[in-house]
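The values are calculated or read from the model by the stated rules, or taken from the named source; none is laboratory data. Every value quoted in this text rests on a predicted model; they were computed, and no experiment measured them. Quick reminder, even Gly has a Cβ in these numbers, built from the backbone with ideal geometry, and neighbours come from all protein chains shown. Remember, those area values only see protein heavy atoms, side chains included, never the ligands or the DNA or RNA. Shrake-Rupley method; radii C 1.70, N 1.55, O 1.52, S 1.80 Å.
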Amino acid sequence: MSRPPGPDTVLAGLYRDHRLALVRLAVLLVGDRESAEDVVQDVFSRLHGKRAEQLTLPYIRTCVLNASRSLLRRRGVAARWAALSGNRRDDLEEASAEAAALLGESRQEMLTALGRLPSRQREVLVLRYYLGLSDADIATAMGLRQSTVRSTAVRALSRLQRELGGGA
């Protein structure tokens, strides 16, 4: 009779199987790969020691989403402080030349427009179109009602279409 896998085994398996997808999710939310990798690593290290039944992919996605929100809040505070203290930079997060070349111009334009959306709209679109989650799964991950998810997605797509000149 074999024992069920322990939490460390479950967490290691989730990390191995889903780390790259979670990093990609975080990149779309925070805007750069280095920060996204830090977010995912921090989430997995905080999950160490949790019970195995708590360690599910939807729960980890929610943790990555919340950690990304926290990072963006900290960046906003830092940007406001820098503006008040006179150390203002025009673009807080410049995309590296390598990243821009890899993404291609049209994809970079889409990511830039996505980054200009309000955080809730950006999160809904990323969860829906990048991860392919249903409205119910998005509502659970974000703590919203399904109708709010649908209306937020409609507003976000409309705004993207306007920003991209009808090409969304």
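Quick rundown of the values:
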item: Some residue of the stretch 10-20 being at positive phi and either part of a loop (DSSP other than H, G, I, E, B) or not basic (Lys, Arg) (or both); result: no
item: Tally of residues being closer than 16 Å to Val64 by Cα and out of contact with any Lys or Arg (no Cβ under 9 Å at 6 or more places or on another chain) across the stretch 1-11; result: 0
item: Condition met for Ala99 (modelled with pLDDT of 90 or more and open to solvent by less than 70 Å² (accessible area, probe 1.4 Å)); result: no
item: Test result for Leu71, of a type in the set (A, V, I, L, M), farther than 18 Å from Leu20 by Cα and buried (at least 18 other Cβ atoms within 10 Å of the Cβ); result: yes
item: Those residues of the stretch 116-127 which are open to solvent by less than 50 Å² (accessible area, probe 1.4 Å) and either at pLDDT below 90 or assigned to a helix (DSSP H, G or I) (or both), in sequence order; result: Gln121, Arg122, Glu123, Val124, Leu125, Val126, Leu127
item: Evaluation of Leu92 against (1) assigned to a loop (DSSP other than H, G, I, E, B); (2) modelled with pLDDT under 75; (3) exposed (fewer than 10 other Cβ atoms within 10 Å of the Cβ) (one fails), failing number; result: (3)
item: Answer residue from the stretch 7-51, given it is of a type in the set (Gly, Ala, Ser) and open to solvent by 30 Å² or more (accessible area, probe 1.4 Å) and is nearest to Asp135 (Cα to Cα) among those; result: Ala21
item: Residues of the stretch 58-68 that turn out to be farther than 14 Å from Ala12 by Cβ and open to solvent by less than 60 Å² (accessible area, probe 1.4 Å), as a count; result: 7
item: Number of positions in the stretch 21-51 that are among the basic types (Lys, Arg) and either assigned to a helix (DSSP H, G or I) or modelled with pLDDT of 95 or more (or both); result: 3
